[in-house]
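Some notes on the structure that comes next.
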Amino acid sequence: MITRRFKSCINNYRLIAVLILFFSSIQIYAQINNEQSQQRIESIVKYLASDELEGRFPATPGNIKAAELISNHFKSIGLLPFNGSYNQNFEISTKLLLGKNNKLEIEKLVLKLGIPREMLKPITQKWILESDWKPMRFSDNGTVSGEIVFVGYGITAPDIAYDDYGGIDVKNKIVIILADSAEGQSKVKSFEEYAELRYKVSNARDHGAKAVIFVKTQSDSCNT
């Protein structure tokens, strides 16, 4: 189970639109006040792009400072607020937190020579959260059973003649996928669009898989 924490902040897309309006208003203002306009515009642009604003990511102090600057400019040129404010607040997800009940248990049946399958008892292995595994941001709750199949990097890319699922039937099975880029070429352009984990999950689903376990090649840790 993954719990989410929400914060009220300025949305990036709305901030872009506001910035367009903001700089348009500066241009109009500049036509009226040419003498001071150039220095004013330069100082504003430098401030918005400065390290102090930390990229203006939603809910960060830099984002709030940028919004305050824009609001104050709107006030200074006489624009009227909407519903009493120059800002529009709403909720977005800015952070994911692990819940208290995250757990992963794997039952496996070890076949033994000479002993009938129905007489064997499954062995339960419990994985330690953060140490052995951790859920992904798009993980779901549930129980799944089935055969486990390894499918390499989990990529199907006919445009570059590459398919990790070629000749492998994963319908109703659990697939193990390497979380890295195909052939370890994370910087090769042809593999860029296939490196995202969401793509690999979608591709596994499209091939009929019931669940995905991601494995990092540089460690023994797994994500589910």
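None of the figures in this text is laboratory data; all of them are computed from the coordinates on show. Please read these numbers as outputs of a predicted model, since none were measured by experiment. Don't worry about glycine lacking a Cβ; one is built from the backbone with ideal geometry, like all the others, and counts go over all protein chains shown.
Given the pairs K108/K173; K112/K200; K112/K216, which are separated by over 23 angstrom at their Cα positions? Before the final figure, lay out the partial values.
On the way: K108/K173 14 Å; K112/K200 35 Å; K112/K216 31 Å.
In this structure, K112/K200; K112/K216 exceed 23 Å between Cα atoms.
Please compute the Kirkwood hydrodynamic radius over region 70-206, one decimal place, Å, based on all pairs of different Cα atoms. Don't jump to the answer; show the numbers that get you there.
Values: mean 1/r = 0.0500 Å⁻¹.
Across region 70-206, the inverse of the average 1/r is 20.0 Å.
What shape does region 50-93 have by the C-alpha gyration tensor, where a ≥ b ≥ c are the square roots of the eigenvalues, rounded means a/c under 1.5, and otherwise prolate means a/b greater than b/c and oblate the rest?
Oblate, since a/c reaches 1.5 and b/c is not below a/b.
Take the Cα gyration tensor of region 99-154, multiply each eigenvalue by 5, square-root it, and list the three semi-axes largest first, rounded to whole angstrom.
27, 16, 11
Extension gain N102-D132, at 0.36 nm per residue separation less the Cα-Cα distance, in nm?
9.6 nm
Can you list the aspartates and glutamates whose alpha carbon is less than 17 Å from that of K126, not counting same-chain residues fewer than 8 positions off?
E105, E107, D220
What do you get for chymotrypsin sites (Phe, Trp or Tyr not before Pro) in region 144-183 restricted to DSSP loop and a cutoff of at most 16 other Cβ within 10 Å of the site's Cβ?
Of the chymotrypsin sites (Phe, Trp or Tyr not before Pro), not one in the loops of region 144-183 has a Cβ with at most 16 other Cβ atoms within 10 Å.
Which of the aspartates and glutamates could a cross-linker span from K171 if the Cα-Cα distance has to be under 14 Å and same-chain partners fewer than 8 positions apart are dropped?
Cα-Cα hits under 14 Å: E147, D206.
Could you tell me which trypsin sites (Lys or Arg not before Pro) in region 109-172 are loop residues by DSSP with no more than 12 other beta carbons within 10 angstrom of their beta carbon?
Listed in order of number, the matching sites are K112, R137, K171.
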